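A.B. asks: Structure incoming, see below.
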4 protein chains.
Amino acid sequence: MSGRLEDRRVLVTHAERYIGPPVVELFRREGADVIADQSEYADPSTVQEVVERAGRIDVLVANFAGPPHIMPVTNMLTDATAFEDEDFEAYLQELVWPLLRIVRATLPQMIERRSGKIVGVTSATRLRAIPGLSVYSAARGAQNAFVQVVGNEVAAHNVQFNAIGPAHIANNMYYTSEMLEDEEVREQFVSEIPAGRIGEGEEAAELALATDASDFLAGQVIPISGGWVT
Amino acid sequence: MSGRLEDRRVLVTHAERYIGPPVVELFRREGADVIADQSEYADPSTVQEVVERAGRIDVLVANFAGPPHIMPVTNMLTDATAFEDEDFEAYLQELVWPLLRIVRATLPQMIERRSGKIVGVTSATRLRAIPGLSVYSAARGAQNAFVQVVGNEVAAHNVQFNAIGPAHIANNMYYTSEMLEDEEVREQFVSEIPAGRIGEGEEAAELALATDASDFLAGQVIPISGGWVT
Amino acid sequence: MSGRLEDRRVLVTHAERYIGPPVVELFRREGADVIADQSEYADPSTVQEVVERAGRIDVLVANFAGPPHIMPVTNMLTDATAFEDEDFEAYLQELVWPLLRIVRATLPQMIERRSGKIVGVTSATRLRAIPGLSVYSAARGAQNAFVQVVGNEVAAHNVQFNAIGPAHIANNMYYTSEMLEDEEVREQFVSEIPAGRIGEGEEAAELALATDASDFLAGQVIPISGGWVT
Amino acid sequence: MSGRLEDRRVLVTHAERYIGPPVVELFRREGADVIADQSEYADPSTVQEVVERAGRIDVLVANFAGPPHIMPVTNMLTDATAFEDEDFEAYLQELVWPLLRIVRATLPQMIERRSGKIVGVTSATRLRAIPGLSVYSAARGAQNAFVQVVGNEVAAHNVQFNAIGPAHIANNMYYTSEMLEDEEVREQFVSEIPAGRIGEGEEAAELALATDASDFLAGQVIPISGGWVT
């Protein structure tokens, strides 16, 4: 099974974080010309530079992951009053603004060619509440709503904008190998996942590819969570 | 039917906008002691002042509505690239930040008393896409996700935090009487609503009250849309 | 708080089961003329007789609950292959067919008067999977889908058809006092409910009333689950 | 792109209907050994015979489509009271019972091998109401709820049971070429699809394959509708 992405130019953002590494690896194995962008996006002008430098973009994998130190996923008992303005602000800067801006910057060339795919990598946490993750979920909720509406708007231009929403997938931001080495933490997670195991990044990457393969999806956020969200 | 809110102290934010006016009217008729706050919330410190001035708050109706001039609901054909950073920024300032902050400021007294209700007034637009409303929906999506998570966190403290998500309800922000006087616009809306009519603000207010009445709801966003969202 | 249902003729089905008893009690306290029907509905002609005998029906509470011996809610480890045709057949006969038929039989008079409310009492289990309840959930899923579509169809006739979907609410069918007396079973349930307690039947009844109060809901299934479903 | 299903034995039910033909074609092109079953399933014993005759089943595509003459999708103005018991009964016999039985019959061998995929082909109609389709939606709703629960139950056995929910996809049962030749009917449909066109069966088949490719999905129903459901 190979060559599924031959002749496709793919831009992957935050390529070194979250689902970025397995996406880059799988997409290259499938023949894509992958631009593995590692820019920080705090500066609004970064987006324009990245897109211009990229040239033609057939597929945009809009993968954004915020700084993990802000609100650890294990903090299950966080007091509801505990988040600070800075926590949400950070998620806006790392997750929401970059998505809005890069989609806006990339769409004109796709609409003009009447061809393009955008795969957001967001989260399934909006679909099922996790105590302690209120502002993280608010940021992911903003992303998912944005995918839904813009996915609808651009479908008629033959641009497919959908998202995958990972949960309980090993990655270097929220489900780090350090965290999962703690047997107790790991057991706690596994006990909540119908599949009985943590997912692998490549499984999410495969679905990012699949979403890309389907021309009749628009504005969907597909949870990939081992059955945790149904 | 009256007296349903006797001896309840209710704080209603943006009391002069959106679903605020019918909530204030109905809740007063039902015997509540209503603080109809009309503060602007651009300044982060406003929230603390409003909550301190209010004293005991049994029910918080967190009703926030952004400036209607930014992205009119009738702009159905908006190019996906048309929104500016300022548009989303405005929605964050008017809708999202005030909600996060006022909930955080009000929860401690409710948790301490082990009693309280928070009714968010958000929107059903996240549940069904409307082309042209991408950043508005992103802001409402952030609100809804926040309700969902915090509603779960505080349920064990006997504080019920839920939301109503109006759509196609007449109000002075998004479905103004000026807008609805245009026969063509009105017809277009009505044709999309299974109920065959625009909703009245009081119908949303009634459900805000009802949500409040139910002690076994937590983190729910109830769309009220005449069947438009199902 | 009383008199909210004065002059309303209400038919409650399976009045002695599930959410029937608290609905009958609350609705009577609120002034309704309640017909607490206890018919079995195995015979298709029963529906017609019940509706004819009832005469004018302002509100139909379509509360149906199947025989609890078939698939106990505690059977969490049931093999997926374990259900028999008879199990699903029983749920069809007790839950699905009666709902379809009584709604069909009651709608003509409501549509003719351009006034009426139907409140289905279904379940939140379709919205979140419980292992072991596959055919029960299939039956509830059929009910919820039916509410959604017919609720949309009849909204334009000023008939509001919505449902409440209880989960983790004490009742005499699925969450019996016998079951909940087992401390271990009770603890297991409570640990899964964000509200930290089992709901009371009256809380569901209150929302059935509330749904009834709102004229701008159509085809909605409102989960009432202490935050278990969000 | 080929060979994605090499060495896989695939059983496709109702192979000559609905999404069956494009699934058979695509899966064969991808190297699968496809059993294109055309049995009627009215007789409960049929399922056992089909499964036994099939031998090893790596992938089951549980594609069931009911007789199109019962409630045409174009009947948008159907009176809510118009369905007959026979209509729902037919959908149960053609859609629901066969799914329940074939999943039950196929799971033991998959669970024993700790390997297997089941892809249900249901419908997105439960996710968005279409007036006139109440009993069709009830039947599809039963299917989707069943997928959700059993998908959760079997995930721990390394069996992935998910579904695709087509809507507005051309097929020989509900969106026939005859129907779509009527320019007015076609225009009406297209006007409701954000993608601006009717989907092709192969697009659904591709996603059936993709669902199959992902090992970390469980109990999901993925709508494929050109953005009609979001």
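A.B. asks: With unit charges on the beta carbons (Lys and Arg positive, Asp and Glu negative) and the dipole taken about the Cα centre of region A:9-222, which residue among A:Ala124, A:Pro21, A:Gln220 sits farthest to the positive side?
C.D. replies: A:Gln220
A.B. asks: Sorted from largest to smallest, which semi-axis lengths in Å does the alpha carbon gyration tensor of region D:147-203 give for its equivalent ellipsoid, taking the root of 5 times each eigenvalue?
C.D. replies: That gives 34, 11, 9 Å for the three semi-axes.
A.B. asks: Can you list, shortest first in nanometers, how far C:Arg53 lies from the same residue in the other copies, with each label 7 Å from Cα toward Cβ?
C.D. replies: 5.0, 6.1, 7.9
A.B. asks: If you don't mind, there's one more thing I want to ask. Please average, across the residues of D:177-187, the number of beta carbons from any other chain that are within 10 Å of each residue's own beta carbon, and give a whole number.
C.D. replies: Mean partner shielding for this stretch: 0.
A.B. asks: Please give the Cα centre distance for region C:141-181 versus region B:176-201, rounded to the nearest Å.
C.D. replies: 30
A.B. asks: Still on this model: Given H placed 1.01 Å from N in the peptide plane, which residues other than close sequence neighbours of A:Phe161 have an amide H under 5 Å from its amide H?
C.D. replies: HN-HN under 5 Å from A:Phe161: A:Ile118, A:Gly219.
A.B. asks: On to the next question. Using only the alpha-carbon atoms of chain B as identical scatterers, what base-10 log of I(q)/I(0) does the Debye formula give at q = 0.14, 0.16 Å⁻¹?
C.D. replies: -0.85, -1.11
A.B. asks: While we're looking at this one, here's another question. Residues of B:194-202, mean number of Cβ from any other protein chain within 10 Å of their own Cβ, rounded to a whole number?
C.D. replies: 5
A.B. asks: Going by how many other beta carbons lie within 10 Å of each one, how would you line up A:Met110, C:Met173, fewest first?
C.D. replies: The fewest-first ordering by Cβ neighbours comes to C:Met173, A:Met110.
A.B. asks: May I ask you to derive the relative contact order of chain B, considering only C-alpha pairs under 8 Å and at least 6 residues apart, and to give it as an integer percent? Please list the in-between numbers first.
C.D. replies: Working: 424 pairs, mean separation 49.8, N = 230.
It comes to 22 percent, rounded to a whole number.
A.B. asks: Please report, for the Cα atoms of region B:107-217, the Rg to one decimal and the Dmax as a whole number; what are they, in angstrom?
C.D. replies: Calculated on Cα positions, Rg and Dmax stand at 16.3, 52 Å.
A.B. asks: Separate question: What is the pair-distance distribution P(r) of the protein assembly as shown, computed from all Cα-Cα distances in 10 Å bins starting at 0, with each bin given as a whole percent?
C.D. replies: All Cα pairs, binned at 10 Å, distribute as 2, 13, 23, 27, 22, 11, 2, 0 percent.
A.B. asks: Shifting gears a bit: To the nearest 10 degrees, how steeply does helix C:201-213 sit against the main Cα axis of chain C, on a 0 to 90 scale?
C.D. replies: 40
A.B. asks: Separate question: Once the other residues with Cβ under 11 Å from the Cβ of A:Gly226 are scored (Lys, Arg +1; Asp, Glu -1), what is the net sum?
C.D. replies: That works out to -3.
A.B. asks: Here's another thing I want to ask about it. Ordered shortest first, which distances in nm separate the 7 Å Cα→C-beta label point of D:Leu180 from those of the other copies?
C.D. replies: 4.0, 4.2, 5.3
A.B. asks: If you average the C-alpha positions of region A:10-39 and of region B:15-70 separately, how far apart do those two centres end up, in angstrom?
C.D. replies: After rounding, the separation between the Cα centres reads 47 Å.
A.B. asks: Please label the shape of region C:2-47 as rounded, prolate or oblate, based on the square roots a ≥ b ≥ c of the eigenvalues of the alpha-carbon gyration tensor (a/c under 1.5 means rounded; beyond that, a/b larger than b/c means prolate, else oblate). Walk me through the intermediate numbers first.
C.D. replies: Numbers: a/c = 4.56, a/b = 1.97, b/c = 2.31.
Oblate, since a/c reaches 1.5 and b/c is not below a/b.
A.B. asks: Distance in whole Å from the D-onto-B rotation axis to the closest C-beta of chain D, together with the residue it belongs to, please.
C.D. replies: In residue-and-Å form, the answer is D:Arg128, 4.
A.B. asks: Taking the Cα centre of region A:106-224 as the origin, how large is its charge dipole in debye, to the nearest 20, when only Lys and Arg (+1) and Asp and Glu (-1) carry charge on their Cβ atoms?
C.D. replies: Its charge dipole is roughly 680 debye.
A.B. asks: Still on this structure, please answer the following. Where Lys and Arg each count +1 and Asp and Glu each count -1, what net charge lies around A:Ser39 among other residues with Cβ under 11 Å from its Cβ?
C.D. replies: Residues close to A:Ser39 contribute a combined charge of -4.
A.B. asks: Between helix D:183-192 and chain D, what is the angle of the helix's C-alpha long axis to the longest principal axis, kept within 0 to 90° and rounded to the nearest 10?
C.D. replies: 70
A.B. asks: Compute the acute angle (0 to 90°) between the alpha-carbon long axis of helix A:97-113 and the principal axis of greatest extent of the alpha-carbon atoms of chain A; round to the nearest 10°.
C.D. replies: Helix A:97-113 sits at roughly 20 degrees to that axis.
A.B. asks: Counting only other chains, and only Cβ atoms inside 10 Å, what mean value do you get across the residues of D:84-90?
C.D. replies: Going residue by residue through D:84-90 and averaging, the value is 2.
A short reminder: the numbers here are calculations on the coordinates, not readings from a lab. Not measured: the values here are computed from a predicted model. When we count neighbours, we look across all protein chains shown, and the Cβ atoms used for this are built from the backbone with ideal geometry, even at glycine.
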